[in-house]
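Participant: Got a structure for you, written out below as structure tokens; questions coming shortly.
The values are calculated or read from the model by the stated rules, or taken from the named source; none is laboratory data. Because the structure is predicted, anything quoted here is derived from the model rather than measured. Counting neighbours? That spans all protein chains shown, and the Cβs are built from the backbone with ideal geometry, glycine included. Just so you know, the surface numbers come from the protein's heavy atoms only, side chains and all, with ligands and any DNA or RNA stripped out. Shrake-Rupley method; radii C 1.70, N 1.55, O 1.52, S 1.80 Å.
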Amino acid sequence: MDNRRDFMKKSAMVVAGALALPHIEGFAAEQKFRNLNLTPGFVPKKNASLQSKLIVPQKAGLPITGTFLDEISHDIPHQNWGEAEWDLDFQYMKSVGIDTVIMIRSGYKKFITYPSKYLLGKGCYMPSVDLLDMYLRLADKYGMKFYFGLYDTGHYWETGDMTYEIEDNKYVIDEVWQNYGAKHQSFQGWYISGEISRATKGAIGAFHAMGKQCKDVSNGLPTFISPWIDGKKAVAASGANLTKENAVSVQQHEKEWDEIFAGISDVVDACAFQDGQIDYNELDAFFTVNKKLADKYHMQCWTNAESFDRDMPIRFLPIKFDKLRLKLEAAKRCGYDKAITFEFSHFMSPQSSYAQAGNLYNRYKEYFNIK
Amino acid sequence: MDNRRDFMKKSAMVVAGALALPHIEGFAAEQKFRNLNLTPGFVPKKNASLQSKLIVPQKAGLPITGTFLDEISHDIPHQNWGEAEWDLDFQYMKSVGIDTVIMIRSGYKKFITYPSKYLLGKGCYMPSVDLLDMYLRLADKYGMKFYFGLYDTGHYWETGDMTYEIEDNKYVIDEVWQNYGAKHQSFQGWYISGEISRATKGAIGAFHAMGKQCKDVSNGLPTFISPWIDGKKAVAASGANLTKENAVSVQQHEKEWDEIFAGISDVVDACAFQDGQIDYNELDAFFTVNKKLADKYHMQCWTNAESFDRDMPIRFLPIKFDKLRLKLEAAKRCGYDKAITFEFSHFMSPQSSYAQAGNLYNRYKEYFNIK
Amino acid sequence: MDNRRDFMKKSAMVVAGALALPHIEGFAAEQKFRNLNLTPGFVPKKNASLQSKLIVPQKAGLPITGTFLDEISHDIPHQNWGEAEWDLDFQYMKSVGIDTVIMIRSGYKKFITYPSKYLLGKGCYMPSVDLLDMYLRLADKYGMKFYFGLYDTGHYWETGDMTYEIEDNKYVIDEVWQNYGAKHQSFQGWYISGEISRATKGAIGAFHAMGKQCKDVSNGLPTFISPWIDGKKAVAASGANLTKENAVSVQQHEKEWDEIFAGISDVVDACAFQDGQIDYNELDAFFTVNKKLADKYHMQCWTNAESFDRDMPIRFLPIKFDKLRLKLEAAKRCGYDKAITFEFSHFMSPQSSYAQAGNLYNRYKEYFNIK
């Protein structure tokens, strides 16, 4: 300490005495900047027992107990896992308390997750593995609930019109229930996979038709949706902008979703709004409205806690833990019923191709005190 | 099973009985959503012996037997490998049956792969390693054929005009053959590296001039090109769009490439169209034309099977295995002669910085039954 | 060799004799292209003792002895490290001769690095870990100098106006010096974190005010800035372009920074221009001017050697080693005083989530002959 303070005093005197050339003297002790100052024999070694010192209360957020399975991906590059990796990932999920897995969609355009006679007949490509069968076997094995995500034609992403989705899913729902649903204990519900927001044409009718069919065929198994809030970060993943000007207001959001919930709540049991399109300081305002609407229509209020980061030029890598924490804490404060995430395998798994995900897994366990 | 069916029956009764509040009851068994349900002592453990259950015929695709080496990269971030990593990568290539390596270009603008007296004199930067020497030594060592990719001035990427390329390559071809080609058994051919499509001005003349010089200097060693099809995904890597409207039709493609092949086929032995700019359902139509044209002009018909994914906002990460499979199957169906890839080291190698690549390697081996 | 030359001679004869069908014969030896040619029992094995053969002089660049710590990131995705990873990273830094760590900013908009009473009162989010405390403890432990980066409101990134920055930092500088600076031997200076260029309104006044307060409160501890040169690559990270047209000329750069330095040099000790916005062949021209200006105003001339690659569509991954080398060599040629980097932990660390970074670490050690 003394040496430093001597250096400082000298430096201070110079500063006090004259403004001329303070810096050269200020850096006097560092005149050897240009040489490497190596410590012979110093070998880096990890001390895994070092714990981060948390200065926030643990477990103040709603824990994540469900995750999407993003095998037919819209915009997240594929990990090329085989069954060994998926088996391990279900174990990682289970080890942090995830009890629900949701196949995000059974197909997207021409890529499909299972050898659907109907969709193959329409020109879809044969998958090399029956992912639906695999996921159900793994969910059975590890005692998890499986939700089946409906087929996504891709039309409404481009046209904003949902009505195309009904026709194909008529066949999909039937064949899936018959060939898979009725045979697996883990098949516990349906995810009506259309990612809509307020302006999606025909969404109410389409969601109602598909939700009703899911329930009718399966003795009323639960259904849910996961729409997005038309907030400031609701921008195209492949575009150049991270935010937009014309975000929806909380009031307008409430008005429009009141109308949508009124039209679908008899056949949709839960709504898990995506939590990433609004800013962190808007979470409570939107979440409060979401919970109020869910209560009004006797639906469950879930949050789809996005575990990827929307604020970065690379779209998308795992989210910074504190951002996820803020969102889960808001969900708990607002009395939400359940947190699911999009999604564990890319963004939170120790075996993710993105190493940041394994670190997020560790931070998550630290915060929720999971040993 | 019974418990679940009981729950379902209850749920169904509620649904049948009244539309009011079905969901709350539907989720009754899940009322503890908000608590983590951890299994004490459960430790994830990988079972590496688990095999994926393939539901498609194995080996129905054309196997990849060649790869580009992308050391002077245009748009793929560098891996910073040393000779130890390159030596290992040639082994990984060999282990899946790759017998041909193609240095994608010997230089790009001011960055070059070998200490070219000519190019250094023009202001290019001295490389820290003679990559050309290293690749040839490794190809000699592992019994692989090496193709040398010509120098790329960068001009035609910006101007669409190929004529600039001839002048510099006059010198490059001579000095490379004299200093490297004649000395290494593995030096087995030339890659005329200009990545053109139909609209590239002066391409026929430039390709002919460069192809002829390559053959003249080397006793007729084989030459090939790898152009792109001007399809719907032929967009700028750094731009915001993933597709474009004005894609070429199959008929127009045939007409224009008939003309190009007519002008170059006496000095170009093979054409390996890039396979990523068209959609998967267009593969057979374009591949059939490509094979027909190659046959007509007595050229070999190769495919450049891109192992990166063009459909994602991150440009670029490894491709989903099933997409690669669809492309290789189309190449086999259409009677193609050889499949090469762009490229193994980033997108298919177990030591790639992208962990998805190692998984793709495993899926590839599984499908081609490589032990 | 003989076999190959025989094949070549044959091929050459065909070429000489007739233009018809040269290629089919040229490829005769490769007629089995379509079959995989596997070597039974061949198992890839890394030979770690293989050394790259450098053809450039070692240590001709200025070594990197400082790095930013990018914990509150503007545009680099977060790694989610805990204290164990940070402790290890300081060791990796030390092992290559880094003696200076600079926290790039103490906060950005509402995300902050330490529980600042002042900033929390303004609506910032509570961080889960006191990063400032952690960094200072680690810098104390490993004998490194720590520079504190001021708070960044985010305003000037959007408005181009720096004056907003003064007000908040009045409080931040005081509370940080009192609560952290005076207590840690490693607290050795200040980084005035505004990333300005020539056109930033109010920069001189803001930098002077903040620099003066830093010095006044801390007995004249050194301060530095790290602005960007308004070169051809000075483009938005989330935009579609990699370069722009209206880059600044060397002459204009000198004129404008002469004025800026004149206004701040009594309270700013060093300037570390970011080195990534200009092209590699412009390095010497700009660096010469920078050094001349620094000398004129008795400031130290540092370089902020960016270890990420600005030339790629993915923004951003680790830089190719040779690009970093060219920049460090130019800095040494121009007599620079010190090289720092943005930044070690993502782009040069063996434990980075980007595996290319660990390879860059190895190439860097090879070049600087660090065992």
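Participant: Which residues, if any, in the stretch C:234-252 lose at least 50 square angstrom of accessible heavy-atom surface (probe 1.4 Å) when the other protein chains sit next to their chain rather than the chain being alone?
Facilitator: C:Ser238, C:Ala240
Participant: Give me the dipole magnitude in Debye, nearest 20, for the stretch B:65-367 about the Cα centre, with unit charges on the beta carbon: positive for Lys and Arg, negative for Asp and Glu.
Facilitator: Working: 33 positive and 42 negative charges, 62 e Å.
Here the size comes out at about 300 debye.
Participant: Same structure, new question: Compute the accessible area of each residue in the stretch B:42-62 twice, once for its chain alone and once with every protein chain present, using a 1.4 Å probe on heavy atoms, and list those whose area falls by at least 40 Å².
Facilitator: When all protein chains are present, B:Phe42, B:Pro44, B:Lys46, B:Leu50, B:Ser52, B:Lys53, B:Ile55 each give up 40 Å² or more of accessible surface.
Participant: Kirkwood Rh over Cα pairs of the stretch A:65-367 into Stokes-Einstein at 20 °C, 1.002 mPa s: D in µm²/s?
Facilitator: Values: Rh = 19.4 Å.
D = 111 µm²/s.
Participant: A further question follows. I'd like the residues of the stretch A:303-318 whose 1.4 Å-probe accessible area shrinks by no less than 20 Å² going from the isolated chain to the full set of protein chains.
Facilitator: Those residues are A:Met312, A:Pro313, A:Ile314, A:Arg315, A:Leu317.
Participant: So, one more: With n ≥ 4 as the cut-off for DSSP H runs, can you work out [θ] at 222 nm for chain B, using -39500 (n - 2.57) per run divided by the number of residues, rounded to the nearest 500?
Facilitator: Details: 13 runs with 146 residues, N = 371.
Value at 222 nm, helices only: -12000 deg cm²/dmol.
Participant: Under 12 Å from the Cβ of C:Thr153, count the other residues' Cβ atoms, weight Lys and Arg +1, Asp and Glu -1, and hand me the total.
Facilitator: Working: positive: C:Arg105, C:Lys109, C:Lys110, C:Lys122; negative: C:Asp152, C:Glu158, C:Asp161, C:Glu165, C:Glu167, C:Asp168.
Net charge around C:Thr153: -2.
Participant: With a 1.4 Å probe on protein heavy atoms only, work out how much accessible surface B and C bury together, total over both chains, in Å² to the nearest 100. The partial results should precede the final answer.
Facilitator: Working: alone 18620 and 18630 Å², together 31600 Å².
Interface area, both chains combined: 5600 Å², rounded to the nearest 100.
Participant: Right, another one. Compute the label-point distances linking C:Glu245 to its equivalents in the other copies; points lie 7 Å from Cα along Cα→Cβ; give nm, one decimal, shortest first.
Facilitator: For C:Glu245, the inter-copy label distances come out at 2.4, 2.4 nm.
Participant: Still on this structure, please answer the following. Label-to-label distances across copies for C:Asn47, with labels 7 Å out along Cα→Cβ, in nm, shortest first?
Facilitator: 4.0, 4.0
Participant: Could you check which residue among A:Asn37, A:Asn80, A:Asn304 shows the biggest mean-square fluctuation in a GNM of chain A with a 10 Å Cα cutoff?
Facilitator: Highest fluctuation of the listed residues: A:Asn37.
Participant: How much accessible area per residue does the stretch B:256-315 have, in Å², with a 1.4 Å probe? Can you show the working numbers first?
Facilitator: Details: 1500 Å² over 60 residues.
Heavy-atom accessible area per residue stands at 25 Å².
Participant: Of all the residues in chain A, which one has the C-beta that comes nearest the axis relating A to C, and what is the distance in Å?
Facilitator: Residue nearest the A-to-C axis, with distance in whole Å: A:Ala240, 3.
Participant: Past 20 Å, Cα to Cα, is the threshold; run A:Lys110/B:Lys323; C:Lys117/C:Lys201; A:Lys327/A:Lys365; A:Lys201/A:Lys255; A:Lys233/C:Lys117; B:Lys141/C:Lys323 against it and keep the listed order.
Facilitator: C:Lys117/C:Lys201; A:Lys233/C:Lys117; B:Lys141/C:Lys323
Participant: Please state the charge dipole magnitude for the protein assembly as shown, taken about the Cα centre, from unit charges on C-beta atoms (+1 on K and R, -1 on D and E), reported in debye and rounded to the nearest 20. Could you put the intermediate results ahead of the total?
Facilitator: Details: 132 positive and 138 negative charges, 502 e Å.
I would put it at about 2420 debye.
Participant: Within the stretch B:146-203, report the chymotrypsin sites (Phe, Trp or Tyr not before Pro) that DSSP leaves as loop and that have at most 16 other Cβ atoms within 10 Å. Display every interim value, and only then the final one.
Facilitator: Details: sites: B:Phe146, B:Tyr147, B:Phe148, B:Tyr151, B:Tyr156, B:Trp157, B:Tyr164, B:Tyr171, B:Trp177, B:Tyr180, B:Phe187, B:Trp190, B:Tyr191; in loops: B:Tyr180.
Answer in residue order: no site qualifies.
Participant: Need one number: nm distance between label points at C:Asn369 and C:Leu120, each 7 Å from Cα along Cα→Cβ, rounded to one decimal.
Facilitator: 5.2 nm
Participant: In addition: With each pseudo-label sitting 7 Å past Cα toward Cβ, what's the A:His155-C:Leu38 distance in nm, one decimal?
Facilitator: Going by the 7 Å Cα→Cβ label model, 4.5 nm.
Participant: Probe radius 1.4 Å, ligands and nucleic acids left out: which of B:Asp140, B:Asp89 has the largest accessible area, and how do the rest follow? Can you show the working numbers first?
Facilitator: Working: B:Asp140 65, B:Asp89 0 Å².
Reading off the accessible areas and sorting them downward yields B:Asp140, B:Asp89.
Participant: Sticking with this structure for a sec: Give me the dipole magnitude in Debye, nearest 20, for the stretch A:226-294 about the Cα centre, with unit charges on the beta carbon: positive for Lys and Arg, negative for Asp and Glu. List each step's numbers first, then the result.
Facilitator: Values: 6 positive and 12 negative charges, 40 e Å.
For this selection, approximately 200 debye.
Participant: Here is a further query. What angle, in degrees between 0 and 90 and rounded to the nearest 10, separates the Cα long axis of helix B:131-142 from the longest principal axis of the Cα atoms of chain B?
Facilitator: For B:131-142 against chain B, the angle is about 70 degrees.
Participant: Using a 10 angstrom cutoff on alpha carbons, build the Gaussian network for chain A and name the most mobile of A:Gly149, A:Gly202, A:Gly181.
Facilitator: The residue with the greatest mean-square fluctuation here is A:Gly202.
Participant: Probe of 1.4 angstrom, ligands and nucleic acids ignored: what's the accessible area per residue over the stretch B:38-131, in square angstrom? Could you put the intermediate results ahead of the total?
Facilitator: Numbers: 3170 Å² over 94 residues.
On a per-residue basis, 34 Å².
Participant: Are there chymotrypsin sites (Phe, Trp or Tyr not before Pro) in the stretch C:218-302 that DSSP puts in a loop and that have at most 13 other Cβ atoms within 10 Å, and which ones? It would help to have the intermediate numbers written out before the result.
Facilitator: Details: sites: C:Phe224, C:Trp228, C:Trp257, C:Phe261, C:Phe273, C:Tyr280, C:Phe286, C:Phe287, C:Tyr297, C:Trp302; in loops: C:Trp228, C:Tyr297.
In loop regions of the stretch C:218-302 (DSSP not H, G, I, E or B), there are no sparsely surrounded chymotrypsin sites (Phe, Trp or Tyr not before Pro).
Participant: Go ahead and run the numbers for FRET between C:Asp75 and B:Asp216, Cβ-Cβ distance against an R0 of 60 Å, rounding to 0.05. Intermediate results must be reported in sequence, preceding the final value.
Facilitator: On the way: r = 51 Å, r/R0 = 0.85.
E between C:Asp75 and B:Asp216, to the nearest 0.05, is 0.75.
Participant: Here's a follow-up. Angle, helix A:203-217 long axis vs. longest principal axis of chain A, Cα atoms, 0 to 90°, nearest 10?
Facilitator: 60 degrees
Participant: Relative to the longest principal axis of chain B, what angle (0 to 90°, nearest 10) does the C-alpha long axis of helix B:164-179 take?
Facilitator: The answer is roughly 80 degrees.
Participant: I'd like the carbon and sulfur percentage of the solvent accessible area for the protein assembly as shown, probe radius 1.4 Å, heavy atoms only, ligands and nucleic acids excluded.
Facilitator: Numbers: 20120 of 38890 Å².
The C+S portion of the solvent-accessible surface of the protein assembly as shown is 52 percent.
Participant: Got a sec? What order do B:Tyr108, C:Tyr114 fall in by accessible area at 1.4 Å, biggest, i.e. largest, first?
Facilitator: My answer, sorted largest first, is B:Tyr108, C:Tyr114.
Participant: Now for a different question. In Å, what is the Rg of the alpha-carbon atoms in the stretch A:302-361, and how long is Dmax?
Facilitator: Spelled out, the Cα radius of gyration and Dmax of the stretch A:302-361 are 11.5, 34 Å.
Participant: Which of the aspartates and glutamates could be linked to C:Lys46 by a straight reach, that is with a Cα gap under 14 Å, when you skip same-chain ones fewer than 8 residues away?
Facilitator: In chain and number order, the partners are B:Glu83, B:Glu85, B:Asp87, B:Asp89.
Participant: Right, another one. So, in nm, how far is label A:Lys296 from label A:Ala262 when the simple model puts each one 7 Å beyond its Cα toward the Cβ?
Facilitator: That separation, rounded to one decimal, is 0.8 nm.
Participant: Would you work out which of C:Gly211, C:Gly97, C:Val268 lies farthest towards the positive end of the dipole of chain C? Charges go on Cβ: Lys and Arg +1, Asp and Glu -1.
Facilitator: It is C:Gly97.
Participant: Let me ask another. Among C:Ile340, A:Ile370, C:Leu326, which residue has its Cα furthest toward the positive end of the charge dipole of the protein assembly as shown, with +1 on Lys/Arg Cβ and -1 on Asp/Glu Cβ?
Facilitator: Sorting the options by dipole projection puts first A:Ile370.
Participant: Ranked by accessible surface with a 1.4 Å probe, highest first, in what order do A:Lys338, C:Lys201 come? Mind dumping the intermediate values first?
Facilitator: On the way: A:Lys338 0, C:Lys201 135 Å².
I get C:Lys201, A:Lys338, largest accessible area first.
Participant: In whole Å, how far is the Cα centre of the stretch C:173-203 from that of the stretch C:262-311?
Facilitator: After rounding, the separation between the Cα centres reads 19 Å.
Participant: Would you calculate the convex hull of the Cα atoms in the protein assembly as shown and tell me its volume per residue in Å³?
Facilitator: Values: hull volume 177.0 nm³, N = 1113.
Value for the protein assembly as shown: 159 Å³ per residue.
Participant: Counting other Cβ atoms within 10 Å, keep those with at most 15, restrict to DSSP loop, and tell me which trypsin sites (Lys or Arg not before Pro) in the stretch A:243-328 are left. Intermediate results must be reported in sequence, preceding the final value.
Facilitator: Numbers: sites: A:Lys244, A:Lys255, A:Lys291, A:Lys292, A:Lys296, A:Arg310, A:Arg315, A:Lys320, A:Lys323, A:Arg325, A:Lys327; in loops: A:Lys244, A:Arg310, A:Arg315, A:Lys320.
Here the trypsin sites (Lys or Arg not before Pro) that fit, given the DSSP loop and packing criteria, are A:Lys244.
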